[in-house]
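Peer 1: Please read through the structure below; I'll follow up with questions.
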Amino acid sequence: MTDTDVLVVGAGPTGLTLAGMLALRGVAATVVDGLPAGGNTSRAAAVNARSLEVLEELDVARRMVKEGLPAPRFSMRDRRSVLIPIDFSGLDTAYPYTLMLSQATTERLLAERLEELGVSVQRPLSVTAVVQDDDGVTATFDNGETLRARYVVGADGINSTVRQQAGIGFTGGEYAESFALADVRLQGEVPTDEVILFYARTGLTVEAPLPDGIHRIVAPLEHAPEEPTAAFVQELLDTRAFGPDRLRVTEVIWGSRFRIHHRVADTYHAGRLVLAGDAAHVYSPAGGQGMNLGIQDAVALSDALTAALGGDESALAGYSDQRRPIAEQVVTLTGRLTRVATLPSAARPLRNTLLRLAGTVPAVRHQLAWRLSGLAYR
Ligand SMILES: Cc1cc2nc3c(=O)[nH]c(=O)nc-3n(C[C@H](O)[C@H](O)[C@H](O)COP(=O)(O)OP(=O)(O)OC[C@H]3O[C@@H](n4cnc5c(N)ncnc54)[C@H](O)[C@@H]3O)c2cc1C
């Protein structure tokens, strides 16, 4: 393989964004992914305002908005009772909403833009080892080939090979429960402009609208089924969300089970090896932060790598110092949103009263909107 300035390992949303931004900046980059094709499942479906802002330069925000569903409202509820209503529509941004869009569509739009910029993802090709020296990094692939790059970025997800090869710790833990996830069609009255976090005695449930009349349900459970059925989702909605006889699940379009950790890499760079996205941080899906930090990491990293290639030796440390504390804050916020749901039932009336009270304070609502939209991290 030909030598390159930057080897991007992984073509998820993080790697695709980074590769696109590097191409815009005229940096020679090679992108590889171990899978034969990009993901076609919906996974992280909430794109926040800050992600859309940073994707403007790549000319992808406009394309995503065209295909997505804007949800300007977010609320925390106990059954039908609203505890904290959050309105994004007053935020100072061109995107005063959460854009609901399947991750498969986000990845497709990013990959199409990358192709337009003349870069193709090389797949299936897995990195098995990276060894750095003073001048660069030698990467070895599963087909036995090697490549020299000046920098290697691990955008290779939660089990990052690059992070492990760099010897960077991934400090944190794992939630005891697994998360059930289902994209369904519903009959009955359900908002199509609002993401709802339900705090029921039996646990948290997220309900969010998606394009094409689909709704996303996510819930932590002690034993989540591998493939949720309509009856299972119905039970969740009846016991944890709007209550019985309000909505009927008519179809499960896609379902899955996943385990979630809350971890942040001890540093985002070790010499010429750099981390971004899930390789650098993972956290609860409550609050819909998902891939957003990864996209925002990627844009910041494209600047840092351009500077490093231009001789600025402090640029990568600067990237780590800037982005890592943001991940710590998101882990804390999403952890709180998740924990508040699993308080013992005796504490629930008090919790609801406190949340309702907090929800009457405009500054509290603004702070939450500011953080969930990612605008706090501009
Ligand atoms: C089933 C499922 C459901 C999810 N649901 C939600 C949700 O509801 N809400 C939410 O916010 N988030 C959800 N997530 C998480 C979300 O998908 C991630 O946060 C997001 O994909 C992170 O993007 P990334 O590009 O950093 O990493 P990834 O998307 O994980 O991409 C990493 C890429 O690197 C490739 N790769 C890995 N190792 C190598 C290697 N050694 N060599 C070459 N390539 C390699 C992989 O093939 C992969 O394509 C879900 C994830 C899963 C799996």
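The values are calculated or read from the model by the stated rules, or taken from the named source; none is laboratory data. Just so you know, these numbers come straight off a predicted model, no measurement behind them. When we count neighbours, we look across all protein chains shown, and the Cβ atoms used for this are built from the backbone with ideal geometry, even at glycine.
Peer 1: Test Gly213 against the criterion of being closer than 21 Å to Gly277 by Cβ, more than 15 Å from the ligand (Cβ to nearest atom) and not aromatic (Phe, Trp, Tyr), and give yes or no.
Peer 2: no
Peer 1: Next question. Please go through segment 133-150 and pick out each residue that is within 16 Å of the ligand (Cβ to nearest atom), under 29 Å from the mean Cα position of the chain (by Cα) and in contact (Cβ under 8 Å) with a residue 60 or more places away in the chain.
Peer 2: Residues satisfying the conditions are Val137, Ala139, Phe141, Asp142, Ala149.
Peer 1: Does Ala11 count as within 16 Å of the ligand (Cβ to nearest atom), of a type outside the set (S, T, N, Q) and assigned to a loop (DSSP other than H, G, I, E, B)?
Peer 2: Here the answer is yes, as Ala11 does meet what is asked.
Peer 1: Given the structure, is Gln289 surrounded by fewer than 16 Cβ atoms within 10 Å (Cβ to Cβ) and either within 16 Å of the ligand (Cβ to nearest atom) or within 16 Å of the chain's Cα centre (by Cα) (or both)?
Peer 2: Criteria not met by Gln289.
Peer 1: Within the group Val282, Val249, which residue is under 18 Å from the mean Cα position of the chain (by Cα), at pLDDT 90 or above and hydrophobic (A, V, I, L, M, F, W, C)?
Peer 2: Val282
Peer 1: Right, something else. In segment 178-210, which residues are touching a His at 6+ places or on another chain (Cβ under 8 Å) and either assigned to a strand (DSSP E or B) or within 12 Å of the ligand (Cβ to nearest atom) (or both)?
Peer 2: Passing the criteria: Ser178, Asp183, Val184, Arg185, Leu186, Glu207, Ala208, Pro209.
Peer 1: Additional query: Please count how many residues of segment 241-266 are surrounded by 19 or more Cβ atoms within 10 Å (Cβ to Cβ) and assigned to a loop (DSSP other than H, G, I, E, B).
Peer 2: Adding up the residues that qualify gives 2.
Peer 1: Another question, if that's okay. Any residue at all in segment 37-44 that's at positive phi and modelled with pLDDT under 95?
Peer 2: yes
Peer 1: Another one. What about Pro220, is it free of Cβ contacts under 8 Å to residues at least 24 places away in the same chain, under 24 Å from Arg79 (Cβ atoms) and in contact with an Asp or Glu (Cβ under 6 Å, 6 or more places away or on another chain)?
Peer 2: no
Peer 1: When segment 15-31 is examined, which residues are found to be touching a residue at least 40 places away in the same chain (Cβ under 8 Å) and out of contact with any strand residue (DSSP E or B) (no Cβ under 9 Å at 6 or more places or on another chain)?
Peer 2: Within segment 15-31, Thr17, Gly20, Met21, Leu24, Arg25 qualify.
Peer 1: Of all residues in segment 9-44, which are among the charged types (D, E, K, R), surrounded by 20 or more Cβ atoms within 10 Å (Cβ to Cβ) and more than 28 Å from Pro211 (Cβ to Cβ)?
Peer 2: Hits for segment 9-44: nothing passes.
Peer 1: Which one is surrounded by the fewest Cβ atoms within 10 Å (Cβ to Cβ), of the residues in segment 151-177 that are within 14 Å of the ligand (Cβ to nearest atom) and either modelled with pLDDT under 95 or in a strand (DSSP E or B) (or both)?
Peer 2: So the residue we want is Tyr175.
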